[in-house]
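What follows is one structure encoded as structure tokens, with my remarks underneath.
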Number of protein chains: 2
Amino acid sequence: MKPYTQLTQAERSEEYARLQQEFIALKAKGLSLNMARGKPGKAQLDLVSDLFGLMQRPEDYVSGGIDVRNYGEMSGVPAARKLFAEILDCKPEQVFVGGNSSLQLMYDTVARAYTHGLLHSPRPWCREETVKWLCPSPGYDRHFKITEVFGFQLITIPMTPQGPDMNAVEEAVKDPAVKGIWCVPKYSNPDGIIYSDETIRRMAALSPAAPDFTILWDNAYCVHEFEGDYVPFPDILSLCEKAGRPDMVIEFASTSKITLPGAGVACFACSQANLAYLESLLVPQIISFDKVNQQRHVLYLQDKAHTLALMKKHAAIMAPKFRAVVDTLDREIAPLEIASWQRPKGGYFVSLNAMPGTAKRTLALCKEAGVTMTGAGATFPYGKDPQDSNIRIAPSLPPVEELEQAIAVFCVCLRMAALERLGV
Amino acid sequence: MKPYTQLTQAERSEEYARLQQEFIALKAKGLSLNMARGKPGKAQLDLVSDLFGLMQRPEDYVSGGIDVRNYGEMSGVPAARKLFAEILDCKPEQVFVGGNSSLQLMYDTVARAYTHGLLHSPRPWCREETVKWLCPSPGYDRHFKITEVFGFQLITIPMTPQGPDMNAVEEAVKDPAVKGIWCVPKYSNPDGIIYSDETIRRMAALSPAAPDFTILWDNAYCVHEFEGDYVPFPDILSLCEKAGRPDMVIEFASTSKITLPGAGVACFACSQANLAYLESLLVPQIISFDKVNQQRHVLYLQDKAHTLALMKKHAAIMAPKFRAVVDTLDREIAPLEIASWQRPKGGYFVSLNAMPGTAKRTLALCKEAGVTMTGAGATFPYGKDPQDSNIRIAPSLPPVEELEQAIAVFCVCLRMAALERLGV
């Protein structure tokens with residue numbers, strides 16, 4: 001196989017005609033495969049079935065003297081705060097444990113900034129002329145959407161192999177309308193990049209013009225290696241504190257991809273001053289989150305070491321899926337030089353950059369052949385990829401056999417789109 | 001015992017001196033009793049311990065073809081929507097099942113109105129000059145607080161034995177700045193009043209000036225009889241529909257006082273047009289609420305009849321507590337003519353109206369003697385009872401023995417406050 005750019009027009013036409021036949025045959029299979037979202041597969045859910053056998057004895061309902069079944073203890077069960085603090089390497093008194101969704105905690109944080117302002121806000125953000133928000137891209141579509149629905153102006157920050165381009169970030173925060181940034185510091189969504197120590201240090205050392213500039217640090221994949229050993233990460237809270245801005249960051253995490261996506265436990269962590277302020281805004285909203293499920297998770301996960309042991313079991317399920325995707329790309333696509341991709345060691349995605357102008361077409365073809373992918377452009381603000389190039393592949397949900405079919409379809413579509421672009 | 005108003009100054013002084021001795025003796029006991037919040041007691045929590053034995057077999061995780069452990073199905077597990085629809089006498093497709101807190105669903109509804117507007121809003125409420133909100137009082141402090149923190153102007157609507165004074169409501173809604181009303185239609189908090197059919201009919205027939213006027217219908221105690229048989233209630237959704245304004249009401253309910261306060265399931269119900277709109281605003285906030293707990297509740301509660309059977313067990317625990325309170329008041333206070341109170345057959349509270357100007361003093365004395373009560377004034381907008389009269393008694397938490405002590409303390413304090421007011 002030669003690189004497509006080195007093919008003659010005639011060779012491209014011939015190749016395209018061959019692929020069209022293949023495409024028709026694939027379509028005829030009537031496939032219905034999904035690589036759209038970072039949804040764990042059934043085998044992963046079955047890993048934690050014994051979670052529900054807990055909480056049977058009366059003493060299981062009592063945690064540190066608190067009856068977890070009743071109202072109260074808004075910040076969460078102390079044992080759950082301790083567990084998350086150990087995982088995030090921060091202090092239990094910096095942790096607020098919520099319900100089953102970290103996305104909800106993030107949305108609510110932005111909503112509170114909008115309706116009431118954050119700790120250092122001169123006014124609620126709904127009273128600001130303009131609010132701008134930094135979006136390292138490619139990034140997580142649901143993050144971008146939250147800041148979009150509140151009418152913020154989204155600013156694309158390029159991603160580098162070390163994380164967000166910190167020169168661009170440092171320049172951007174000179175604008176007092178810039179109020180914050182989305183970050184996924186470990187196995188970033190979708191690139192699977194781990195922010196370098198230098199990137200994290202510079203992030204914590206930011207000196208923004210806005211007094212209420214806030215880093216929303218979504219540590220979604222903090223213990224989510226599927227290849228190799230656990231990779232430690234610095235505690236962003238203490239780094240910000242050391243740099244003199246302890247209130248500049250709010251960190252998020254959850255057990256959605258440790259125990260169960262639909263019924264896990266989420267948390268946020270921040271300075272105690274921030275926590276006191278945010279709790280004062282939380283009091284009118286909720287009496288307490290589900291502490292029974294918090295306690296169930298405390299009994300089940302026990303501590304960080306035990307949690308990491310569980311993650312090894314997830315890794316055993318996830319690794320073959322990622323290998324199936326990346327090996328196929330290496331074999332089928334690499335020689336054609338029509339795309340590049342990351343080879344992540346953790347997280348939930350493979351990020352692929354197709355030949356500019358071909359991402360949408362590739363995914364339209366995939367859809368036609370029964371393979372659902374994350375919409376093209378989704379990884380950029382407003383769902384618009386200026387290059388029409390980035391494609392997020394989510395290999396976690398389908399079993400390996402289905403995944404192999406899906407990625408085969410994807411390769412055919414990617415090739416067809418590239419040939420169409422080059423001219424056939 | 002004679003009515004206090006018929007006592008001479010000397011008799012009052014003598015009585016007061018006697019009560020002071022009693023108060024000192026009570027204080028010396030070093031009590032620590034709580035009648036502040038509608039918090040179920042331990043015996044009630046223990047009623048449902050077998051809730052946690054469910055969800056053991058693989059088929060328990062699958063509800064109508066949906067794996068409840070994974071992401072998705074934002075409106076809730078269909079079986080849970082069906083269960084709440086049966087309890088509320090509405091349609092499953094009108095029900096959204098959320099997390100563990102109906103307060104959170106109410107707060108979020110008001111927050112969404114503020115940030116984005118409701119279905120018929122000309123603009124988000126944060127862009128309105130003034131938003132006014134009707135608060136039937138005495139009412140639920142947490143309701144009032146939600147609308148207070150968004151800066152709405154709270155308007156007191158008097159409560160009558162039939163529910164909110166509908167003449168006052170009909171007059172108030174002529175003002176286009178009036179955007180809504182809080183209602184607890186069955187066993188109102190704190191009066192324990194069931195809105196009459198006439199009140200409910202007039203509520204549904206309102207013709208407000210604001211196109212987005214919304215009734216927040218908190219059916220918190222819809223199946224919460226502790227005396228006598230289940231009292232049916234009309235479906236407010238279909239009444240509003242028949243009256244031509246199907247989108248004017250959003251109803252809320254939860255199992256917080258059916259199963260567990262900290263780990264129950266909450267829902268809201270509204271027209272399908274409203275639901276579609278509210279869900280479009282929910283999409284950026286959360287992927288799905290805890291469907292495992294929803295399914296656990298479906299398996300546990302089964303249907304309305306089975307739920308009502310469980311409520312009979314709650315009633316057996318609650319009734320003696322309410323009797324202890326009301327019988328003591330009848331015996332100790334009624335002859336003195338210094339207060340009046342409701343004798344509810346359901347709900348969580350006894351609402352007492354003390355001699356005007358004595359509620360705060362009564363509760364300050366209670367606190368001194370180690371009995372915590374809901375703060376005086378809490379049942380009115382901004383926590384200010386213009387009469388300083390209404391006191392909310394929450395008898396559910398303490399065991400009967402403790403409750404008897406607490407109510408004895410309360411009676412002494414109420415009498416002392418009345419005597420101080422009359423002059424001693």
Copies compared at A:L299 - label distances in nm, ascending, label defined 7 Å from Cα in the Cβ direction: 1.5
Net lengthening on full extension, B:R123/B:Q6 (0.36 nm per residue, minus Cα-Cα): 36.3 nm
Sites A:D197 and A:A364 - FRET efficiency at Förster radius 41 Å, r taken between beta-carbons, to 0.05: 0.50
Coordinate range along principal axes, alpha carbons of segment A:209-256, Å, largest first: 40, 22, 15
Acute angle (nearest 10 degrees) that the helix A:304-332 long axis makes with the longest principal axis of chain A, alpha-carbon atoms: 20 degrees
Assigned charges on the beta-carbon of Lys, Arg, Asp, Glu; the protein assembly as shown dipole about Cα centre (debye): 40 debye
Sparse-neighbourhood loop sites, trypsin sites (Lys or Arg not before Pro) in segment A:351-424 - DSSP loop, at most 16 other Cβ within 10 angstrom: A:K384
DSSP beta bridges in segment A:62-304 [antiparallel fraction, %, rounded to 5]: 40 percent
Amide H within-cut-off set for B:T372, under 5 Å, with H built and near neighbours excluded: B:L33, B:N34, B:M35
For segment A:1-104, size of Cβ-based charge dipole, Lys and Arg +1, Asp and Glu -1, in debye: 460 debye
Interchain or long-range residues, amide H under 5 Å from B:S256's placed H: B:V265
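Length gain on complete extension for the stretch B:K27 to B:L54, per 0.36 nm per residue less the alpha carbon to alpha carbon distance? Mind showing how you got there, number by number?
Working: separation 27, 0.36 × 27 = 9.72 nm, distance 4.63 nm.
Gain in length upon complete extension: 5.1 nm.
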Partners for A:K42 among lysines (Cα-Cα distance below 20 Å; same-chain residues under 8 apart left out): A:K257, A:K312, A:K313, A:K321, B:K291
Anchor A:K174: lysines whose Cα lies under 23 Å away (excluding residues fewer than 8 positions away in-chain): A:K132, A:K242
Separation of alpha-carbon centers, segment A:128-202 and segment B:285-318, rounded to whole Å: 42 Å
Acute angle (nearest 10 degrees) that the helix B:400-422 long axis makes with the longest principal axis of chain B, alpha-carbon atoms: 60 degrees
Dipole of segment B:19-68 [Lys/Arg +1, Asp/Glu -1 at C-beta], most positive-end residue of B:V48, B:Q20, B:S32: B:Q20
Separation between Cα centres of segment A:358-424 and segment B:1-36, rounded to whole Å: 79 Å
Gyration tensor (alpha-carbon) shape descriptor, chain B, a/c threshold 1.5: oblate
Inter-copy label distances at A:A334 (7 Å, Cα→Cβ; nm, one decimal): 8.9
Cα-based helix-to-principal-axis angle, A:102-115 vs chain A, degrees rounded to 10: 70 degrees
Solution diffusion estimate, µm²/s, Stokes-Einstein, the protein assembly as shown, Kirkwood Rh from C-alpha pairs, 4 °C, viscosity 1.567 mPa s: 44 µm²/s
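Assuming a ≥ b ≥ c are the square roots of the Cα gyration tensor eigenvalues, decide whether segment B:1-143 counts as rounded (a/c under 1.5), prolate (otherwise, with a/b larger than b/c) or oblate.
Working: a/c = 3.48, a/b = 1.67, b/c = 2.08.
Oblate.
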Size-normalised alpha-carbon gyration radius of segment B:55-303, reference 2.2 N^0.38 Å: 0.99
Helix-only [θ]222 nm of the protein assembly as shown, DSSP H runs n ≥ 4, -39500 (n - 2.57) each, per residue, nearest 500: -12500 deg cm²/dmol
Residue with peak Gaussian network fluctuation, chain A [Cα springs, cutoff 10 Å], from A:Q56, A:Q342, A:Q272: A:Q56
Segment B:76-103 versus segment A:47-92: alpha-carbon centroid distance in Å: 27 Å
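Out of segment B:169-259, which trypsin sites (Lys or Arg not before Pro) are coil in DSSP terms and have no more than 11 other C-beta atoms within 10 Å?
The qualifying sites are B:K174.
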Choice from B:T255, B:T199, B:T130 with maximal GNM fluctuation in chain B (Cα, 10 Å cutoff): B:T130
Tail fraction, Cα-Cα pairs, segment B:189-236, threshold 16 Å, whole percent: 49 percent
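Tell me the relative contact order for segment A:62-304 as a rounded percent, counting alpha carbon contacts under 8 Å between residues six or more apart.
Details: 434 pairs, mean separation 67.4, N = 243.
After rounding, I find 28 percent.
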Label geometry 7 Å along the beta-carbon vector: B:L422 inter-copy distances in nm: 10.1
Electrostatic dipole magnitude of chain B [Cβ: Lys, Arg +1; Asp, Glu -1; Cα centre; debye, to 20]: 560 debye
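A short reminder: the numbers here are calculations on the coordinates, not readings from a lab. Please read these numbers as outputs of a predicted model, since none were measured by experiment. We place every Cβ from the backbone using ideal geometry, glycine too, and count neighbours over all the protein chains shown.
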